[in-house]
Every structure is written in C-alpha cells, then in structure tokens.
Amino acid sequence: MRKIIFVCAAFIMMQVAALGAKLEGLTIIVPSCNKYACLWDGCFGLLFKHWPSLVGENKDVKIILISNTKEYPDPRITTLKIKDEQSWSNNMQQALKLVKTKYVFIWLDDYMMNQDVDEDKFVRFFNFMKEKKAVYMQVFGIDHGRDNAEQQFNDPKFDLPILEFKKHSPYRTSLQACIFETDTLDWLLHPKESAWAFELAGSTRSEGMHDLFLGTKENLVSYYNAANAGVLSQDALKYIKEQGFKFENTGLLMEKPFKVKWKEFKRSVHVSIRDNIRIPIKNAFKKIFS
C-alpha cells in the first residue's frame with residue numbers, strides 16, 4: 001500500500017514539475033515603439049488574460065518589450081529602450097542580445113489575443129518543432145489562399161496538422177505569431193529593414209537554408225490585428241475597450257478619415273503588385289535557372 005502511495009505521489013510531483021517546465025527554452029519578444037504604446041495595455045492585458053500560465057507556472061518565461069523611451073509598468077515585462085532607433089531589424093538584433101533561450105516567440109504589439117491558449121496543444125507543437133530541429137514555426141494558421149506556399153509535412157510518428165513551407169515561399173519568415181530558433185532569426189535579420197521588408201527579404205535569404213520552416217494548419221493562438229501600417233482598426237479598438245483595457249491614442253491614424261483610406265489604398269496596390277506580379281515573376285525565373 002505504501003509503495004502504491006509513493007508511486008502515485010511521485011507521479012503527481014512529476015506532472016506538476018512537467019507543468020512548470022512546459023515553456024522552458026522560450027523567450028517572448030514584443031517589438032514596438034513609443035508610437036504604439038497606446039496598444040500595450042490591450043496587448044499585454046489580453047495576453048495574460050488568455051495565457052494565464054505566463055503569470056503563473058510559466059512566469060519565468062522572459063517577456064521583452066522593445067520601446068524607445070516609454071515602458072510598460074508590469075514586473076513581468078523587461079523593457080529594452082532604444083532611443084535613437086535605426087530600424088525594426090536593428091531593434092530586433094539588440095533584443096536578441098538579451099535572449100538566453102534557444103527559441104523566441106514573436107508577438108507583435110498590435111496582436112490582441114481573443115481566445116484562451118490551449119497550452120497542452122501549444123506545447124505538443126513546440127516539442128515537435130524542437131524534436132525535428134525546425135528553425136521556424138508559424139503558430140497562426142497558414143493562409144491556404146496562397147498557391148504553392150506550403151506542402152504537407154509527412155511523418156508517420158506524429159499526427160499533427162503541420163505544413164512545411166516550400167523553399168521559394170514568399171512568406172517563409174512571416175511575422176504572424178511564430179517561433180524562431182534564436183540563432184536563425186539573428187542570421188536572417190539584416191540592418192535597416194522594416195518588419196514588412198524582413199518578411200520578404202528574410203524569406204529570400206532563407207532559401208539557402210536546408211532547415212525546416214513549419215506552419216500549423218490551425219491557430220494555436222488567436223488574435224485580432226489591431227493596426228495595419230499604422231492605421232487603427234475600429235473593431236479592434238472596440239474590442240480593447242469592451243475587455244476593460246485603456247486606450248489613449250499616441251499617434252495612430254483611425255480608419256475613417258480620407259487620408260487613412262488613401263494610405264490603405266496605396267498599401268493595397270503595393271501588396272497586389274508584389275503578390276501578383278513581382279513574386280510570380282521572381283519565382284518563374286528561379287524555376288527556369290534552378
């Protein structure tokens with residue numbers, strides 16, 4: 001009887017210990033700046049609300065906020081202040097110097113989490129990534145609308161809905177919520193690139209790598225994108241306020257004014273030309289000369 005009790009107690013202790021170590025080896029980076037400080041209360045408040053272990057058993061997971069001069073008043077947040085910033089990529093390179101873990105989780109400042117994280121599922125995918133020695137995994141469901149962007153990852157040992165980005169995928173280093181191997185991200189970053197430039201240029205640079213770039217078919221984390229190119233979504237603003245978080249605009253444009261619509265139109269034209277002309281031509285030449 002004592003033996004059974006001892007075995008049960010040991011099993012329970014192992015389970016508790018495993019629970020506390022679930023996210024071991026991961027650092028969260030939130031790249032931002034003073035202009036987006038108005039979104040921090042919603043960003044972090046909703047992150048902790050829907051991922052409560054980050055203030056519980058996984059409170060040791062480091063969270064780094066990149067800022068200019070402001071900081072978010074929460075003991076869980078480590079603020080990296082870069083007053084004279086040069087670019088998004090330069091800031092990220094500085095942040096990676098503070099990282100001691102093998103992997104980093106990228107969470108942009110305008111991501112407003114809207115569903116609880118299924119941590120058991122998240123950890124299963126994260127462990128799969130580590131076992132396969134993958135260097136990237138997008139955890140926000142891959143957009144199947146992009147032709148030839150991904151292919152099924154086949155491994156009879158695992159039964160997980162995971163896709164592998166093809167070598168010439170234009171969004172192989174997308175900044176939708178994702179996990180990077182720290183050293184790989186550091187290598188892919190080039191100075192003076194914006195986040196949007198990195199997504200495309202980083203994807204091109206990754207083509208010379210033989211490592212796995214993965215993506216999940218389903219959302220491991222679910223969120224609203226609160227701002228697009230500095231334009232604040234009215235729906236996202238409504239959601240932030242409904243959830244009880246403060247918002248005091250620090251320079252973002254709202255959706256309604258004509259100048260915002262004009263800015264959105266110019267961006268949509270740029271994206272359309274990029275996705276429907278530049279990228280297909282680029283890929284066609286690669287197929288011809290590869």
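Using only the alpha carbons, work out the radius of gyration and Dmax of the stretch 190-247 in angstrom.
16.6, 46
Return the sequence-ordered ³J(HN,Hα) values of the stretch 88-105 in whole Hz as given by the Karplus equation 6.51 cos²θ - 1.76 cosθ + 1.60 applied to θ = phi - 60°, using x for Gly and Pro.
Values per residue, Gly and Pro as x: 4, 5, 4, 4, 5, 4, 5, 5, 5, 5, 8, 8, 10, 9, 6, 10, 10, 9 Hz.
Taking a 24 Å limit on the Cα-Cα distance, which of the listed pairs Lys62/Lys97; Lys192/Lys241; Lys97/Lys133 fall beyond it?
Distance filter (> 24 Å) returns Lys192/Lys241.
Tell me, what ³J(HN,Hα) does each residue in the stretch 244-251 have, in order and in whole Hz, if you take phi through Karplus 6.51 cos²θ - 1.76 cosθ + 1.60 with θ = phi - 60° and put x for Gly and Pro?
Karplus-based 3J(HN,Hα) across the stretch 244-251 equals x, 9, 7, 8, 10, 4, 10, x Hz.
Under 5 Å between amide hydrogens, which residues at least 5 positions from Ser222 or on another chain qualify, with H placed 1.01 Å from N in the peptide plane?
Asn114, Gln115
Just flag the chymotrypsin sites (Phe, Trp or Tyr not before Pro) in the stretch 43-106 sitting in loop per DSSP whose Cβ has no more than 13 other Cβ atoms within 10 Å.
Listed in order of number, the matching sites amount to none.
Taking 51 Å as R0, compute the FRET efficiency from the Cβ-Cβ separation of Asn68 and Ile288 and round it to 0.05.
It comes out at approximately 0.65.
How large is ³J(HN,Hα), in whole Hz, for each residue of the stretch 195-212 in order, when computed from phi with the Karplus curve 6.51 cos²θ - 1.76 cosθ + 1.60 and θ = phi - 60°, using x for Gly and Pro?
Each residue of the stretch 195-212 in turn: 4, 5, 5, 4, 4, 7, 5, x, 5, 5, 5, 5, 5, x, 9, 9, 7, 7 Hz.
Quick note: the coordinates plus some simple rules give every number you see, no bench work behind them. As the structure is a computational prediction, the values presented were derived from the model and not from experiment. Using ideal geometry, Cβ is built from the backbone for each residue, glycine included, and neighbour counts are taken over all protein chains shown.
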